[in-house]
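Reviewing the structure listed below.
The values are calculated or read from the model by the stated rules, or taken from the named source; none is laboratory data. What you see is a predicted model; the values in this text were computed from it and never measured. Note: ideal-geometry Cβ built from the backbone for every residue, glycine included; neighbour counts use all protein chains shown.
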Amino acid sequence: MSPGLAGAIALALAVTCCVLVPFGSTRLPMALKHPELVVLREAGWRYSGFRWEIVRAVAISIGLAVAGAYGFFPAALIGPLAPSVVMRVIASRRREERGRHTVALLQMTLAGLRSGSSLTEALRLATRSETHIEFVPFAEAVRAFDLGAPLDVTLRDARSRARDHRAILGLDALSLCVAERLPASRCVNLIASVVDRLVFEQRLADDVRARTSGVRMQIVLLAALVPGLALYLASTVPGVAETLASPLGSFVLLPLAGLLEGAGILASRRVVSSIA
């Protein structure tokens, strides 16, 4: 084992131990939270942060093993980054899915009000018919109301825990209807205006996302073009292969190229996401 690889393994173990110290000590304050706790919950991770760190440690070990076996130092960086990237992608997709189900739930609540049901009954029927009910904060408010809490209080509590702006708008409208004891006609008008706004935003976002799909594909292709070209030159030009296999290529050129590639992809997707 080379000194460089041994030093990388020792550094990875030291960082892992530093991360796991708060989970193994009972003297530290319990206010310490995992930095990715919100992302893990949104992605559906049902285990503790300690188990998540075990997954990251396994990924780091695999990256180091690949780097040591093939002498490709940038592969060691894939281990710490890959789990977080995958979890953030899953969280983003589930966040969008929950937002769409929130709009559908508000539409069903509005349909129940227009059919003559009370607001409480319409909301209860909508939450029961929602397939992804565990992801909707409205269901928590209804369950708390069934246990005896005031509905406006449960809606405000659910609103304080919600992070999606679509759920926040819907909960604000429903809590206003209950707190002010608005008649059914005004409740219908208020919820209908919220639904119209959310549907318009959703359709606009879908349209912009469809129009920018080609740009996102170009970002991926341009990002894959440079590594593919480098691999082609390394396999056909001996001088390039020797340079990449040297310490300069393994510890400077390839890591720097990987960092620039990642920064470019993130910056490009952030620009497109801000527009979409």
Please indicate, with yes or no, whether at least one residue in segment 118-125 is among the hydroxyl-bearing types (Ser, Thr, Tyr), more than 29 Å from ARG93 (Cβ to Cβ) and either buried (at least 19 other Cβ atoms within 10 Å of the Cβ) or in contact (Cβ under 8 Å) with a residue 24 or more places away in the chain (or both). yes
Test VAL142 against the criterion of being at pLDDT 90 or above and closer than 12 Å to THR109 by Cβ, and give yes or no. no
Among (1) outside the structural domain of LEU110 (by TED's automatic domain parsing); (2) small (Gly, Ala, Ser); (3) not in a helix (DSSP H, G or I), the one test that ALA149 misses: (1)
Enumeration of residues in segment 78-127 that are farther than 30 Å from ALA57 by Cβ and β-branched (Val, Ile, Thr): THR102, VAL103, THR109, THR120, THR127
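Looking at LEU259, LEU253, which one is among the aliphatic types (A, V, I, L, M), loosely packed, with under 14 Cβ neighbours inside 10 Å, in contact with a Leu (Cβ under 9 Å, 6 or more places away or on another chain) and within 27 Å of ILE78 (Cα to Cα)?
LEU259
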Could you please find all residues in segment 164-185 being loosely packed, with under 12 Cβ neighbours inside 10 Å and in a helix (DSSP H, G or I)? SER185
Is it the case that some residue within segment 188-198 is surrounded by 14 or more Cβ atoms within 10 Å (Cβ to Cβ) and either of a type in the set (Phe, Trp, Tyr) or modelled with pLDDT under 80 (or both)? no
